[in-house]
Amino acid sequence: MLPPAFQAVRPLLILLPFAALLALKPWLPEWAIVWPENLVPPLIDWINAVTDFLRKEKLVAGLTFKDMTRATAKTIEWPLNATNYLFVKGFGEVPPLPWLTVVGLAAVLGWWLKGWKIALLGGFCIFYFALFGKWKLSMTTLSAVLVAATLAGIIGLALGIIAARRRRFELTLLPILNVMQTLPHFSYLIPIAVFIGISHKAGVIATILFAIPPMTRLTLLGMRSVPAEVREAGLMAGCTPRQMLWKVELPAARDSLMVGVNQVIMQCLAMVVIASFVGTKGLGQDLLFRLQSLRIGQALENGIAIVFMAITLDRMSMALAHKQPTYLPAGPFWKKHPALTAAGIVIAVTFALAALTPYAQAFPKSLTITTAPFWDGLVDYVTQNFFEALSFYRDGFLVYVLIPLRSAFQWLPWLAVLALVAGVSWKLIGPRKAIIPCLLLLFIAFSGFWPRALITAYTVTFAVIVCVFFGVPLGVWAASSARRAKIANFLCDTFQTFPSFIYLIPVIMLFRVGDVAVITAIVIYAIIPAVRYTVFGLSKVPPQTIEAAQMSGCTPTQMLWKVRLPLAFPEIMLGVNQTIMFSLFMAIIAAFIGTNDLGQEMFRAMAFSDIGKALVIGLCVSCMGLIADRLITGWAAERKQQLGLT
């Protein structure tokens, strides 16, 4: 029997190898601190050699792989041109849809989906584009999102169905989806730019690839969750395999599929903004230009337009996901199909108005407004009047907190970090499963980007600590009443729809560029899951457990610390896992305004169209995310089982 004192510190024994290697660092050989460059596997050269082969060598009928991808990419021009002509350019002598028609149809669609509130939201958001002179940019972005979301949804649905039917295909597909969902956005752009070129359609194709995984996963989840009784009923009714799929399984999986549609739309909107780096036109490209020239006011107006589009698409797609089929009432057509009737009236009236006055066709420029001077003036006011306070905070924070922490991370030998990951993995998920996190870390160590990866790790670690420090207590406070929880969930839903690029605008306004701005942007973006999962975990504590605790005389404080928080802790840790993922994505995007980490190297790879370097860096970021994901989700699943929550 071990002494109690020894038992208390026993879990810390997993840290002994890590601590020993840190203590012995002065005597460690150089290869144990940073893997020598001459021993780094030439992954970048190998990938670039394959890329050159695919670009230059003729494979089939005198065509290179690059020729084939560019020819295939041309097929997407048809739907893109069709939507672009419909919303922006018009078909020859026929003008595009009048702005009044689009506003009216958005309102009718919202009313059909969920009533007047969504109708008002949809109509107002579309009207904002016209009022602020962002009509063409917004419609270009909207047409790209509609095309990308449709194609990504179809491809994801097909992959999910095949995976649900073929176990081997699923086993092959899932690791690919894991990597795709942890790759930074920019890792998609460089191969697309090389094989498709810099163009509007190239960004749309990158957007489609980025949005496929969530639809595939949710299709697979929905197909797997179809009750066996439903399938048996279909078989008993004599359904063929095709009828079983289209008339039984897919309708039964409708809820998951609709959530997948929502996720695809939001992923498309997030990516189509970033895809402006490879030529995607619209609001994202204009936003990028305004940020590069530090025109904060105009950038903010573009950002608000993107946010309004995100909120509208999110609310409408979620309403579609929750809308249940209804029986048509008896009576005339307008009574059976009131939404179609209203849409027809809107089209007839607005087209008639557009024929009478050009103001109904295109919003008059003389009536557009802008708030850019106000925001620019606000930035100047803040800069002039709070310059010393902001500089004091920024410089002090940088000198006394961030730089020492970054130096501490850069001091770490890769061998010690490997010992730490191995020990923690052994403790959390067991010795067998611990092999994979160790292999993922070895990939980072041997990739040649270890020093840069440590800077990314420092940025993400500090941001996650701040998110947990503020986000979890905020979630606990919000979960203390149903009204607060509802408000918190609404705010989380709203802020989560914002494309990540938007969060760079306020931090540039306050802190310009640098580590402080980057970490602030990451914290603002990544704190959402910490709050959301804390609220969710606390609200899911079984009521009979709470009742039992109340019967035993627990005070509110005891109830929180001894009952609700322990039971909600696995969900809170899943929120921390999502916070880490959000932080990694944002750290790479935030390299646009500073830092010297993997994100900066990614931008350099983009500048030189270096696919090998971009993919290796992307895989390093992916490995960091997968290490955290495997440890936390593995531990949370086991802990839930121990608590009887599964």
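The values are calculated or read from the model by the stated rules, or taken from the named source; none is laboratory data. No experiment lies behind these values; they were computed from the predicted model shown. Glycine gets a Cβ as well: all are built from the backbone with ideal geometry, and neighbour counts include every protein chain shown. In case anyone asks, the SASA skips ligands and DNA or RNA and just uses the protein heavy atoms, side chains included. Shrake-Rupley method; radii C 1.70, N 1.55, O 1.52, S 1.80 Å.
What to note about this one:
- Of the residues making up the range 320-356, just one is in a loop (DSSP other than H, G, I, E, B) and surrounded by 14 or more Cβ atoms within 10 Å (Cβ to Cβ), namely HIS337.
- Just one residue in the set ARG254, ARG231 is surrounded by fewer than 20 Cβ atoms within 10 Å (Cβ to Cβ) and either more than 26 Å from LEU146 (Cα to Cα) or modelled with pLDDT under 80 (or both); that residue is ARG231.
- Some residue of the range 199-219 being of a type outside the set (Phe, Trp, Tyr), part of a loop (DSSP other than H, G, I, E, B) and surrounded by fewer than 24 Cβ atoms within 10 Å (Cβ to Cβ): yes
- The set of residues in the range 378-390 being more than 13 Å from LEU300 (Cα to Cα), touching a helix residue (DSSP H, G or I) at 6+ places or on another chain (Cβ under 9 Å) and in a helix (DSSP H, G or I) consists of VAL382, THR383, LEU390.
- Residue match in the range 104-112 (condition: without any contact (Cβ under 8 Å) to a residue 60 or more places away in the chain, within 30 Å of TRP135 (Cα to Cα), crowded, with 17+ Cβ neighbours inside 10 Å and in contact with a Ser or Thr (Cβ under 9 Å, 6 or more places away or on another chain)): no
- Of residues in the range 363-399 being among the small types (Gly, Ala, Ser) and within 23 Å of LEU131 (Cα to Cα), the one least open to solvent (accessible area, probe 1.4 Å): ALA372
- Sub-8 Å Cβ pairs linking a first residue in the range 431-446 that is among the charged types (D, E, K, R) to a second residue that is surrounded by 15 or more Cβ atoms within 10 Å (Cβ to Cβ), at least 6 apart or interchain, are LYS433/SER425; LYS433/ARG630; LYS433/GLY634, ordered by first then second residue.
- Across the range 504-514, the qualifying residues are those that are assigned to a helix (DSSP H, G or I) and touching a residue at least 24 places away in the same chain (Cβ under 8 Å), and the one among them that is surrounded by the fewest Cβ atoms within 10 Å (Cβ to Cβ) is LEU510.
- Of everything in the range 257-283 that is in a helix (DSSP H, G or I) and among the β-branched types (Val, Ile, Thr), the residue that is surrounded by the fewest Cβ atoms within 10 Å (Cβ to Cβ) is VAL259.
- The listed residue being in contact with a Cys (Cβ under 9 Å, 6 or more places away or on another chain) and more than 18 Å from LEU86 (Cβ to Cβ), out of ALA119, ALA152, ALA144: ALA152
- In the range 465-503, the residues that are within 19 Å of GLU571 (Cβ to Cβ), open to solvent by less than 40 Å² (accessible area, probe 1.4 Å) and hydrophobic (A, V, I, L, M, F, W, C): CYS467, VAL472, VAL476, ALA478, ALA479, ALA485, ALA488, CYS492
- Any hit, the range 569-579, residues being open to solvent by 20 Å² or more (accessible area, probe 1.4 Å), in a helix (DSSP H, G or I) and among the charged types (D, E, K, R): yes
- Scope the range 429-464; condition farther than 24 Å from PRO570 by Cβ and not in a helix (DSSP H, G or I); matching residues: SER447, GLY448, PHE449
- Considering only residues in the range 119-139 that are open to solvent by 20 Å² or more (accessible area, probe 1.4 Å) and part of a helix (DSSP H, G or I), the one that is nearest to ALA270 (Cα to Cα) turns out to be LEU137.
- Across the range 443-464, the number of residues qualifying as within 17 Å of ILE403 (Cβ to Cβ), out of contact with any Phe, Trp or Tyr (no Cβ under 8 Å at 6 or more places or on another chain) and either β-branched (Val, Ile, Thr) or open to solvent by less than 20 Å² (accessible area, probe 1.4 Å) (or both) comes to 4.
- Selected residue (criterion: modelled with the lowest pLDDT) from residues of the range 583-610 that are in contact with a Phe, Trp or Tyr (Cβ under 7 Å, 6 or more places away or on another chain) and open to solvent by less than 30 Å² (accessible area, probe 1.4 Å): ALA591
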